[in-house]
């Protein structure tokens, strides 16, 4: 097939060309003048299975012929080396072993990293070992690095890598995948040195970015009938630019750097790289423009000399569209609109981006037109229903059972799907309402049994619930094998449900993939060692995150979403390069905790810029396609974004060429993009809806409340609408599902502490001490507060104010003492027939026989001015006491009413009884109530709130936000 040559045979395809199609066309043309069996003798080696499938599809499209022998780079040499080279050690086993090693390191050096980074460190170390084996770097190369002038962190990392030597150089019988691949390639090359194959051997599609692959490419190129076919080779790059690409430290991120490295190994000049086919690139002028724009940083001054020589910039950019959207949503919507047009016209279109958030937004936008794109990446297994389910079940082992965790699992579609799921969901709804109302914060068998008694839940469902969900919290370490068995058994039992029928946890693609992950973990669990529940949950999440599942039905045949890897082997009429921002495309280099950039270069490892260089090569290939969209969002998360360096270079170059029409071409690209953005904006236009008016409903007098509590009078003054919503509409705020140590709970507990302590000290004044107060506080905090952190924090606050409280309490005891706690109060206002009810925290009687009303506040007590106008709780209670409204106490004068603040500091605020005497307060109260019993009095929303930022339980019902306090009220008469 090939003529004899003194130099290695290397062919290439220019950027923008459909590489697999060009590869097949070239093979057909070179075999046209030869017998039919000539093509069958060709051994075609490609780098990915996707490439192999595409090549086979193109051959199947005809005309009929004998197919070449198709194999992968990773399969080359397997047939002859299978008996000599043992199978590779499973990657999971090596990962578990490294995890144990790093766990011991973190125990000895806890300042090195947090325990939560255990699996990230093991992954990064496993990647480093793979790279060392793939690049042929021995542990000695790392050990001999000079780190004397570097920080101590790198010296410790170097020492630890030395400890992990036995994983890197594990001997001939325990090889990792990369080490085994290199061994196979070395054996194959040795065999070729003795007996080189005489049939054509073609290696196509690889850039030689990894050491083992580069070594194989060099060997193939030197075979008698060997050849390399390079994708996206820049034929327009001058020789002096190729010379600059020698230094990896300055050129690793250039798209053509790997080809220069290959040419150096093969002792070839750029001009000796031949074109594989005579077909021109889709846009040669655009390739020249991009070639100049992507020159290495040290020689971008070439723009000044070579830029004026560029011609036909209008032709180079006529099929380019530049989208610069205001937000990622706007970018996704414009892309979706263009993909929709492609679907209607039958055009093959593909979105190429490494930004998975953008692809999800585009897919969601396409869903409005019932277009399901063919997404090559699929869905991360951890986000699939089985993946989420398994992570939730593993979470049961890590902490006490919380209401949120329980209901999350009970509502999961894979929970109790073995039979009678409808009844299960009804019981789950009842359980949620019960937990919201009765708690407790951490669910246990006792609280669930109490619920079952109240709601008469079936015994079988209740037994399943308590057995599978309660007492699953595990402390301490267990062997990994025990964790896996426990997880699998519990997950299957929860999925099956109380009926005992078969569940669907392991069904479909996602379930089968999740089962394979657990099965692999079971097989390698002996290498994992003991671990805690948190470590096991983290390990499970990391393993699920590393897998993807495709479970799509009938995607659209012409609308695709590709990652950059898939774009190398596919072809489309329209390519949309999305997310062209720094940090997205190219992605930021991952931090390496083991070796810095300088150490990597000295050891012969790949630099972090390698991935950027590969992304640059993907960009150069894709932008040369027939029609291309370049899209980005100028802002994301309320911050400005930075354009991708390649897009930035291209626009800057065009901007600097006004003489050749560069600025006009760039303006035309942006104008085309703006047109699509305007069209996409029309999709988001919604009809204007008039904002709601500030409500002031006037319900019938018969429907208005005839009873309020003392504390609700403040609400009636400040926000009458909340009284209307609660007592007329009879709406109650739904209790939170996730209970927390909030201000309400703190108030309840502090009241309990003070009541118990004061009661005890009334009987025995010797108990009125700091030690007894704090002892009582600790006992009740342990009883009522389930959160250890909150208990310690609240106890510390009480310790801080204990002395001030005891001193004030001693003074109060000097003038009488308590006679009632939590005293019930009720007063009927005549002639209004309206009842005021309440409960006083504490009633004292002084030495003169008068009453003292004490109310405990865990927040800030209201000032005297606030009490006089709004917060009239104590004033009203004093008036009620003098009217004989306190249960069990005769009418007596009130000498004092005081708020006792038990917040961050101890504070007492007395009610202004002299300025607001009981008779006056009672008259004003009757006047207020009488006003709200008049038909023309409306319950105005947020009438006199203290601050605009105050939040009410019924603000959403009043549609606050569509109006503010400056708006006039709109009375509405209700019937």
* Enumeration of residues in region 327-350 that are touching a helix residue (DSSP H, G or I) at 6+ places or on another chain (Cβ under 6 Å) and not in a helix (DSSP H, G or I) -> 349
* Hey, residue 591 surrounded by fewer than 20 Cβ atoms within 10 Å (Cβ to Cβ) and without any contact (Cβ under 8 Å) to a residue 40 or more places away in the chain or not -> yes
* Of the residues that sit in region 157-173 and are out of contact with any helix residue (DSSP H, G or I) (no Cβ under 7 Å at 6 or more places or on another chain) and crowded, with 16+ Cβ neighbours inside 10 Å, which one is modelled with the lowest pLDDT? -> 170
* What is the one condition in (1) touching a residue at least 24 places away in the same chain (Cβ under 8 Å); (2) in contact with a strand residue (DSSP E or B) (Cβ under 9 Å, 6 or more places away or on another chain) that residue 810 does not satisfy? -> (2)
* **From 355, 314, residue being in contact with a strand residue (DSSP E or B) (Cβ under 6 Å, 6 or more places away or on another chain), on the phi < 0 side of the Ramachandran plot and in contact (Cβ under 8 Å) with a residue 24 or more places away in the chain** => 355
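Conditions (1) in contact with a strand residue (DSSP E or B) (Cβ under 7 Å, 6 or more places away or on another chain); (2) outside the structural domain of residue 877 (by TED's automatic domain parsing); (3) within 23 Å of residue 838 (Cβ to Cβ), marked per residue:
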| site | (1), (2), (3) |
| --- | --- |
| 710 | yes, yes, yes |
| 715 | no, yes, yes |
| 727 | no, yes, yes |
| 731 | no, yes, yes |
| 745 | no, yes, yes |
| 748 | no, yes, yes |
| 767 | no, yes, no |
| 774 | no, yes, no |
| 789 | no, yes, no |
* **Pair list, Cβ under 6 Å, 6 or more apart: region 724-753 residue under 15 Å from residue 958 (Cβ atoms), other residue at pLDDT 90 or above and assigned to a helix (DSSP H, G or I)** => 728/703; 731/725
* Please enumerate the residues belonging to region 263-309 that are more than 44 Å from the chain's Cα centre (by Cα), loosely packed, with under 15 Cβ neighbours inside 10 Å and in a loop (DSSP other than H, G, I, E, B). => 267, 269, 278, 280
* **Filtered residues of region 29-60 (kept if surrounded by fewer than 14 Cβ atoms within 10 Å (Cβ to Cβ) and closer than 23 Å to residue 235 by Cα)** => 29
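The values are calculated or read from the model by the stated rules, or taken from the named source; none is laboratory data. These figures come from a predicted structure and were not determined experimentally. We place every Cβ from the backbone using ideal geometry, glycine too, and count neighbours over all the protein chains shown.
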